[in-house]
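Participant: For reference, the structure I am asking about is given below.
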Amino acid sequence: MARIWQRKYAVLFAVAAIVLAAVQTVAQPTKTLTVPEADTPPKIDGALDDPCWKDAPKGNGFMLRSLGRPATEQTDFYVCYDEKNIYFAFYCHDSQPDKIKGTQTERDSDLRIDDCVQIYLDTYHDHRTAEEFFVNSLGTQRDERKRGTADKISWKGDWHAAAKRVADGWTAEMEIPWAILNYKPGATSMGLNVRRDQPRLGEVSDWTALNDGDQVMLYGDLEGMTLPTPPTPPLQIMPYAMATVGDGSSGRMGLDIKKRFGEDSEALLTAFPDFGTIENAAKSIDFSYTAHRYSDNRPFFLEASSIFASSYIYTHDIPNFDVGAKVFGKQGKTTYGLMGCSNNDLNRTDSMAVLMYNLPSLTTARLNMVGRHDDIVDNDVYTLKLSSQPTENTSLWVRGGKSITGGPAGDGSSLAAGASVSLSRWSFDASYGHATRDFNPADSYVDYPGSASYDAGVSYDVAQPGQKIRSWGIDSGMDRTGDGIRGMIEQSADVGFYISLANHTSFSIGHDWGQHIKGYEGPDEPPTPPYAWFHDSENSLSYGFRQDDRYRSGGLSYYWGRENGGPSKTIDFECGFLPRERFSTSISLKRAVRDNVDEKDFTGWLGTLGARYEFTAEKSVAARLRYRTEKGVVEGEPVDEKGTNLTISYQQRLRQGLDIFALFGDYNVDNTVNKFAIKVIAAM
């Protein structure tokens with residue numbers, strides 16, 4: 001136990017050192033643009049020939065991220081507004097316009113592999129979060145809303161953009177309605193950063209001088225505006241209908257209703273919500289000592305997901321429910337959220353309440369309550385978290401929690417703290433956490449109850465845009481978990497090196513070392529000293545190619561060493577192809593061989609063939625053939641499993657009108673099933 005506390009104080013000392021180093025950074029002067037009101041709005045066609053752009057101030061002087069020198073190819077942009085929209089125009093100069101890259105035509109796809117520009121709007125000008133809007137050289141759009149929302153375009157709010165090639169580069173325009181933004185009416189300013197990606201040179205440049213992080217506090221200022229009161233949006237209704245025929249025929253209908261009220265508040269009600277197209281992560285053949293966590297793409301949980309994000313609610317494990325409701329918003333310095341959902345068949349309710357308050361010096365206090373109540377458990381978890389950004393390169397946080405569980409399980413508590421900092425090419429992070437053995441977040445889980453853990457990491461990264469070696473770096477880390485009975489439960493350390501070249505290939509090499517206690521069954525199991533440990537050691541080699549091409553990129557990775565007390569080897573290959581325009585294919589293969597305490601003579605194969613054809617940017621059809629096999633002895637039982645699963649899908653995702661999703665088969669089973677499902681979504 002003494003060693004745990006010694007290491008705990010070592011981590012806290014590292015945190016203090018990080019903070020002391022960070023406060024020596026020097027803030028950059030803030031750039032400012034005075035934004036005029038447009039008499040006549042621009043026509044969004046990508047051409048900068050509208051009268052409003054002649055009167056608008058010009059933003060320029062783009063700098064390369066973290067390098068402190070001007071971009072090789074400069075960018076000019078302009079801003080104006082009226083009572084309905086805010087408008088942006090961009091002139092992206094390029095001395096080799098024939099090499100401007102534009103490949104992505106599907107909305108909300110990854111545009112960073114193309115020539116593209118992005119705006120980051122700090123709409124409340126509180127230097128904390130920003131809305132993100134992208135457009136590439138083809139005029140394809142992407143947005144990332146800070147609160148989170150369902151994917152249907154007319155539900156989350158539409159905006160427009162266009163782009164055009166010119167003799168010395170390309171130009172673009174954006175039109176963003178005030179009605180889809182969250183802000184304080186009557187305010188006179190916003191924060192702004194504009195970023196440009198130029199793949200040919202491997203450069204990422206910003207209007208404001210930033211390091212590798214997105215430091216909102218360093219954004220420039222848009223001044224001189226009077227932000228209008230947006231029109232009250234109508235009640236939004238998004239019904240859906242789904243029918244399944246074949247194995248397990250069924251039908252389902254439901255709807256979501258959303259209403260905005262007050263200055264910036266929204267209410268969401270869902271009845272018989274849409275869970276019909278969840279594609280859970282496919283079964284993995286990778287080894288892990290702890291449980292896997294997967295993302296949750298259900299529309300109800302996507303809405304305002306950043307407000308409701310918490311370590312102590314894992315929505316992926318909340319079963320389908322009948323009725324759910326959310327209320328969330330921001331009033332002054334306070335952000336709030338209330339959520340609840342109910343499953344009558346299971347007699348279960350899950351709930352969450354969030355209250356955040358913005359304190360001075362970019363410090364935020366956050367109070368959470370997460371509850372689960374059913375026939376199995378009555379559980380509530382309360383947490384208080386303080387997070388701060390004392391400088392543009394430093395973040396600190398501390399969190400305390402208390403769980404209250406009915407019955408013999410009892411109550412428990414947790415405490416955690418962490419810090420991170422970026423200094424030029426160096427990055428540091430450290431954290432510490434402790435949970436008592438009775439700490440029980442019933443809507444989530446704790447890997448090792450009753451333990452104390454800490455971790456620390458350091459990395460050194462060099463960016464060299466325009467050079468044959470575009471970037472390289474070294475990263476390393478360590479972590480340790482232990483309790484007062486057994487001492488160490490697990491500890492590990494890792495080091496890695498990577499290099500990226502101008503021809504869009506990359507290489508990496510790494511080594512992981514770790515010790516894990518043998519036969520750990522939880523904090524309540526009687527200790528059986530002397531304890532034995534697995535001594536794990538794994539090496540890795542990876543090669544990536546065509547990293548700038550979404551359709552034809554690929555890679556090969558090889559891992560070898562010891563895991564869980566025995567030898568282990570894994571090889572992983574993936575590659576994409578573009579046989580013809582709009583038709584893409586892909587292949588991935590993984591083979592794992594292990595012989596350890598739990599898996600004797602285990603061999604697993606996982607292979608996937610994929611194909612996709614884009615009729616238009618809004619309509620596509622895809623097929624996936626997946627083969628999986630496992631053979632060996634797992635936990636004393638012989639295993640010899642094989643599965644082949646074919647799925648075919650159609651997607652129609654429109655700006656306005658019906659979204660249609662059709663699927664033959666089932667993504668989440670091992671073998672092909674004779675089932676056809678179709679789902680139609682509307683927004684009113």
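The values are calculated or read from the model by the stated rules, or taken from the named source; none is laboratory data. Bear in mind that the values here come from a model prediction, so they are computed numbers and not experimental data. Neighbour counts are summed over all protein chains in view; Cβ atoms, including those assigned to glycine, are modelled from backbone coordinates with ideal geometry. These accessible areas exclude ligands, DNA and RNA; they are computed on the full protein's heavy atoms, side chains included. Shrake-Rupley method; radii C 1.70, N 1.55, O 1.52, S 1.80 Å.
Participant: Can you give me the solvent accessible area of Asp411 with a 1.4 Å probe, rounded to the nearest 10 Å²?
Facilitator: Roll a 1.4 Å probe over it and Asp411 shows about 70 Å².
Participant: So, one more: Counting Lys +1, Arg +1, Asp -1, Glu -1, what net charge surrounds Ser584 among other residues with beta carbon under 12 Å of its beta carbon? If you can, show how the numbers build up before the last one.
Facilitator: Numbers: positive: Arg550, Arg552, Arg580, Arg582, Arg612; negative: Glu106, Asp549, Glu581, Glu614.
That sum, taken over residues with Cβ under 12 Å, equals +1.
Participant: Roughly how tilted is helix 2-22, in degrees to the nearest 10 and between 0 and 90, from the longest Cα axis of the chain?
Facilitator: 10
Participant: Next question, about the same structure. Give the shape of the stretch 49-147 as rounded, prolate or oblate, defined through the alpha-carbon gyration tensor: a ≥ b ≥ c are the square roots of its eigenvalues, a/c under 1.5 means rounded, and otherwise the shape is prolate if a/b is larger than b/c and oblate if not.
Facilitator: rounded
Participant: What accessible surface, in Å², does a 1.4 Å probe find on Val621, ignoring ligands, DNA and RNA and rounding to the nearest 10?
Facilitator: So the heavy atoms of Val621 present about 50 Å² to solvent.
Participant: What net charge is computed for the residues neighbouring Phe90, neighbours being all others with C-beta under 10 Å from the C-beta of Phe90, Lys and Arg scored +1, Asp and Glu -1?
Facilitator: Spelling it out: positives minus negatives among the neighbours equals -1.
Participant: Using the structure shown, select from Lys43/Lys101; Lys43/Lys156; Lys101/Lys619; Lys58/Lys84; Lys43/Lys619; Lys590/Lys642 the pairs with a Cα to Cα distance greater than 18 angstrom.
Facilitator: Lys43/Lys101; Lys43/Lys156; Lys101/Lys619; Lys58/Lys84; Lys43/Lys619
Participant: Continuing with the same structure: What do you reckon, how do Leu609, Leu625, Leu396 stack up by accessible area (1.4 Å probe), largest on top?
Facilitator: Result, largest first: Leu609, Leu625, Leu396.
Participant: Still on this model: Can you give me the relative contact order of the chain as a percent, contacts being Cα pairs under 8 Å and 6 or more apart? All intermediate terms of the calculation are to be shown ahead of the outcome.
Facilitator: Details: 1792 pairs, mean separation 63.9, N = 684.
Relative contact order of the chain: 9 percent.
Participant: Follow-up. With a ≥ b ≥ c taken as the square roots of the eigenvalues of the C-alpha gyration tensor of the stretch 153-266, please select rounded if a/c is under 1.5 and otherwise prolate if a/b is larger than b/c or oblate if it is not? Show your work: numbers first, answer last.
Facilitator: Numbers: a/c = 2.43, a/b = 1.46, b/c = 1.66.
Taking the square roots of the gyration eigenvalues as a ≥ b ≥ c, the stretch 153-266 is oblate.
Participant: By per-residue mean of other Cβ atoms within 10 Å, what is the highest-first order of 575-581, 645-651?
Facilitator: Descending mean neighbour count gives 645-651, 575-581.
Participant: So for each of 128-138, 595-605 I average, over its residues, the number of other beta carbons within 10 Å; can you give me the resulting order with the highest mean first?
Facilitator: The peptides rank, most packed first, as 128-138, 595-605.
Participant: In Å², and per residue, what accessible area does the stretch 510-662 have when probed at 1.4 Å with the other protein chains present?
Facilitator: Here the per-residue accessible area is 56 Å².
Participant: What distance in nm separates the two pseudo spin-label positions at Arg425 and Thr32, each 7 Å out from Cα along the beta-carbon direction?
Facilitator: So the two model labels end up 3.7 nm from each other.
Participant: Note down the nm distance, to one decimal, between modelled labels 7 Å out along Cα→Cβ at Ile571 and at Lys402.
Facilitator: 5.7
Participant: Note the direction-averaged projected area, equal to a quarter of the hull surface, for the Cα convex hull of the stretch 129-214, in nm².
Facilitator: The number I arrive at for the stretch 129-214 is 7.4 nm².
Participant: On to the next question. Which value results when the Cα radius of gyration for the stretch 206-273 is divided by 2.2 N^0.38 Å?
Facilitator: Numbers: Rg = 21.8 Å, N = 68, 2.2 N^0.38 = 10.9 Å.
Dividing the Cα radius of gyration by 2.2 N^0.38 Å gives 1.99.
Participant: Additional query: Keeping all protein chains in position, work out how much accessible area Arg470 exposes to a 1.4 Å probe, and write it in Å² to the nearest 10.
Facilitator: We get 40 Å² for Arg470.
Participant: Further question: Rounded to a whole number, what % of the accessible area of the stretch 303-382 do carbon and sulfur atoms account for, probe 1.4 Å?
Facilitator: Carbon with sulfur: 58 percent of the solvent-accessible area.
Participant: While we're on this one: Gain in length, Ile469 to Ile587, computed as 0.36 nm per residue apart minus the alpha-carbon separation, to one decimal in nm?
Facilitator: In short, 39.6 nm is gained.
Participant: Can you figure out the FRET efficiency of Ile648 with Ile485, using R₀ = 41 Å and their beta-carbon distance, to the nearest 0.05?
Facilitator: 0.15
Participant: Roughly how many percent of the accessible protein surface of the stretch 99-190 is carbon and sulfur, given a 1.4 Å probe and a whole-percent answer?
Facilitator: Percent of accessible area from carbon and sulfur atoms in the stretch 99-190: 50.
Participant: Still on this structure, I have one more. Between His535 and Ser459, what is 0.36 nm times their sequence separation minus the Cα-Cα distance? Round to one decimal in nm.
Facilitator: Value of the extension gain: 24.9 nm.
Participant: I would also like to ask the following. May I ask you to derive the FRET efficiency for Ala662 and Val377 from their Cβ-Cβ distance with R0 = 41 Å, giving the value to the nearest 0.05?
Facilitator: 0.55
Participant: Ranked from highest to lowest mean number of other Cβ atoms within 10 Å per residue, what is the order of the peptides 386-394, 509-517, 171-179?
Facilitator: Ranking the peptides 386-394, 509-517, 171-179 by packing returns 171-179, 386-394, 509-517.
Participant: Right, another one. Contour minus end-to-end for Leu367 and Asp322, with contour as 0.36 nm per residue of separation and end-to-end as the Cα-Cα distance?
Facilitator: 13.5 nm
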